[in-house]
Amino acid sequence: MLRAGVDLGGTKIQVAILDPDGNVVGQCRIPTPQDAGPPGVLTAIVTAVRSAMLDAQAETSDLMGVGLGAPGQIDHAAGTVSHAGNLPDWLGTVAVTSVLRDALGVPIELANDVQVGIMAESKLGAGRPYSSLLGIFCGTGVGGGVVLNDTLWLGRGAAGEIGHMVVVPNGEKCPCGRRGCLEAYAGRSAMEIEARRRVKHGHKTDLFHIMQHKGRDRLASGVWAKALAQQDKMAKQLIHRAEWAVGIAAASAVNLLDVEAVIIGGGLGCRLGPPFVDRIRESMMPHLILPERPPQVLVAALGDLGGATGAALLVEHTVSPPGDLATVTDPDE
Ligand SMILES: [Zn+2]
């Protein structure tokens, strides 16, 4: 039997199909529809799962269940996703589980997108050697998660929101409505707003030419990467600002938690890779209370598929009989 994992993001929907050994045997990636609200997004998820199953040369009846990692607030029991500001018209509460279950005919598991991505890194990716880690995922927004003693620390349900750690009191406006959060400096939405503001004030950049050339209507991670490669001055400034802000937030969190590793992921983190992470490490160092014993700072190893893989892992815990877990679903053994 196969498991499907869906990583629902502000710009793309990524699906991965996992075989019983945890190998990715099919996938599909489509843009998140921007103009049809939550119903349009849910329809696109169904389409993407079906085409990923085709890619895996399997039938929907081979599917054991679908795990979905979504932004915003998740109510697992109610099967709803609320306040997902990075998704189109998704500020209220949307019933997700029931709609997807009716359309696909299989059980649906829901969890926070960043949390599933961080658990995937902890179990199968860059975090495997460590029992404690901090994940910082820079994408449309900035998400985070904390693993302590190999367990995701959920707090009262909302732990890990490092994107809203204040790095500049009364600083730039954050998409959450507050000021000076990390996400206001290191989330792609906020970075794009700042780039557009600078262009309006007469600053020059190739960012928007590259965006058009790539047929995009947003500054996706690949657009930033290309502009950096071309030594675009504004792109460099805004990326350096993001690195500086992530470093400050990471150092504060490390001083508090003393984790073994900091894993940088998300679209921007994965696309910009080691140079981005190296500069985050540099930015972090002066703020560490124990600089002689810094944590490892690493790029997420599962890349673009981490969120979808982690979401697929949600299925095994709830659907497989407990006796099967060790043999069927422990791909890292
Ligand atoms: Zn914020």
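Observations, loosely collected:
- Principal-axis analysis of the Cα atoms of the chain puts helix 188-200 at an angle of about 40° to the longest axis.
- Exposed loop sites, defined as trypsin sites (Lys or Arg not before Pro) outside DSSP H, G, I, E and B with at most 16 other Cβ atoms within 10 Å, are absent from the longest region of the chain, namely 1-155.
- Inter-label distance, nm, simple model (7 Å from Cα along the C-beta direction), Lys173/Gln231: 3.5
- The stretch 38-94-the stretch 104-174 distance, computed between alpha-carbon centres (Å): 19
- In the chain, the portion of solvent-accessible area held by carbon and sulfur atoms comes to 52 percent [1.4 Å probe, whole percent, DNA, RNA and ligands not counted].
- Rounded FRET efficiency, nearest 0.05, which uses the C-beta distance separating Trp153 from Arg101 and R0 of 30 Å: 0.55
- For the stretch 126-301, averaging the sequence separation of C-alpha pairs within contact (under 8 Å, six or more residues apart) and dividing by the residue count gives a relative contact order of 25 percent.
- Environment charge of Gly10, counting only residues whose C-beta is closer than 9 Å and scoring Lys/Arg +1, Asp/Glu -1: +3
- Kirkwood Rh and Cα Rg combined as Rg/Rh, the chain: 0.96
- Seen from Lys173, the other residues with C-beta closer than 14 Å to its C-beta sum to a net charge of 0, counting Lys and Arg as +1 and Asp and Glu as -1.
- Charge context of Gly267, other residues only, Cβ under 15 angstrom, K/R +1, D/E -1: +2
- Across all directions, the average flat footprint of the convex hull enclosing the Cα atoms of the stretch 85-152 is 5.9 nm².
- Compared with the alpha-carbon gap, the fully stretched path from Leu91 to His201 is longer by 36.5 nm at 0.36 nm per residue.
- Square roots of five times the Cα gyration tensor eigenvalues for the stretch 126-301, Å: 28, 17, 15
- Using alpha-carbon coordinates, inclination of helix 37-55 to the longest axis of the chain, degrees: 60
- Candidate lysines - alpha carbon under 21 Å from Lys12, same-chain residues fewer than 8 apart omitted: Lys214, Lys226
- Between 0 and 90°, nearest 10: helix 233-257 axis offset from the chain longest Cα axis: 70
- Using a probe of 1.4 angstrom and keeping all protein chains present, the accessible surface of the stretch 126-301 works out to 48 square angstrom per residue.
- Among Ala250, Ala301, Ala77: highest mean-square fluctuation, GNM of the chain, C-alpha pairs under 10 Å: Ala77
- Length released on extending from Glu59 to His213, taking residue separation times 0.36 nm less the Cα-Cα span: 51.7 nm
- Of the residues Gly269, Ala245, His209, the one whose Cα sits farthest towards the positive end of the charge dipole of the chain is His209 (charges of +1 on Lys and Arg Cβ, -1 on Asp and Glu Cβ, taken about the Cα centre).
The values are calculated or read from the model by the stated rules, or taken from the named source; none is laboratory data. Because the structure is a prediction, the values reported are computed rather than measured. Positions of Cβ are generated from backbone atoms using ideal geometry, with glycine treated the same way; all protein chains shown enter the neighbour counts. Remember, those area values only see protein heavy atoms, side chains included, never the ligands or the DNA or RNA. Shrake-Rupley method; radii C 1.70, N 1.55, O 1.52, S 1.80 Å.
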